[in-house]
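Take a look at the structure set out below.
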Amino acid sequence: MAQEITTGVPPELENFFGEVGKSWGWMLALGILFIVLGTIGLGMPVFVTGVSILFLGALLLVGGGVQLVNAFQCKGWKSVIWHVLIALLYIAAGAIMVFEPLRSALPLTAMLGGVLLGIGVLRIIMGFQQRGEKGWGWLIFAGIVSLLLGGIILAQWPVSGLWVIGLFVAIEMIFHGWSYVFLALAARHRAKDVKVENAAGQAKPA
């Protein structure tokens, strides 16, 4: 009877990568593509902002259109008028974003700056509430960073509306790409370990 081989990997992680180990190269290429696109986006944040707003506007148009069609299938529903009004608002907002993408970015950027300021204040409050606990200083630091980002955005508004969204999208794509790269390399390493373990198991006499 062949001896059972222990891999040293926790059971809950044994099948974590699934089939990724067989196609890690494609995931690695996808990660590199995101990194390249994000890096290019850093050099043209205004263009990326416009494209992002256009995409969001198109989604709102599609969603509003589908909801409007659905409203005509809800005869007898007491709230159908509100259903229609919401759909029309979606369509109106989507149309504005599609036809005036950069102008639409201005209120979105102002709202983003305000949200970051609010998040920063809340994080700092949470940090002081947890004072003395492990990691409380990092929470305050993260709050200060959020306050600085929100302050910079609002201080440079409305000019910041032309580049902030594009910059954030580009940075997110870069981080997304690196996460795929690290995941692909981890899957590759795990696949190699499995091959070695399988070879050892076949070579060992019963």
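With the requirement that a residue be crowded, with 19+ Cβ neighbours inside 10 Å and farther than 10 Å from Thr49 by Cβ, what does region 105-116 give you? Spell out the reasoning first.
Taking region 105-116 and keeping what is crowded, with 19+ Cβ neighbours inside 10 Å, we get 105, 109, 112-113, 116.
The answer is Leu112, Gly113, Leu116.
Residues checked against (1) touching a Gly at 6+ places or on another chain (Cβ under 7 Å); (2) on the phi < 0 side of the Ramachandran plot; (3) modelled with pLDDT under 80; (4) assigned to a loop (DSSP other than H, G, I, E, B):
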position: Cys74; (1), (2), (3), (4): no, yes, yes, yes
position: Trp82; (1), (2), (3), (4): no, yes, yes, no
position: Ile86; (1), (2), (3), (4): no, yes, yes, no
position: Gly94; (1), (2), (3), (4): yes, yes, no, no
position: Met97; (1), (2), (3), (4): yes, yes, no, no
position: Leu106; (1), (2), (3), (4): yes, yes, no, no
position: Gly118; (1), (2), (3), (4): no, yes, no, no
position: Leu122; (1), (2), (3), (4): no, yes, no, no
position: Trp138; (1), (2), (3), (4): no, yes, yes, no
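Among the residues of region 34-41, is there at least one that is farther than 23 Å from Leu112 by Cα, surrounded by 11 or more Cβ atoms within 10 Å (Cβ to Cβ) and either at pLDDT below 75 or hydroxyl-bearing (Ser, Thr, Tyr) (or both)?
no
The values are calculated or read from the model by the stated rules, or taken from the named source; none is laboratory data. Computed from a predicted model, the values in this text were never measured in an experiment. Here the Cβ is made from the backbone with ideal geometry for all residues, glycine too, and neighbour counts use every protein chain on show.
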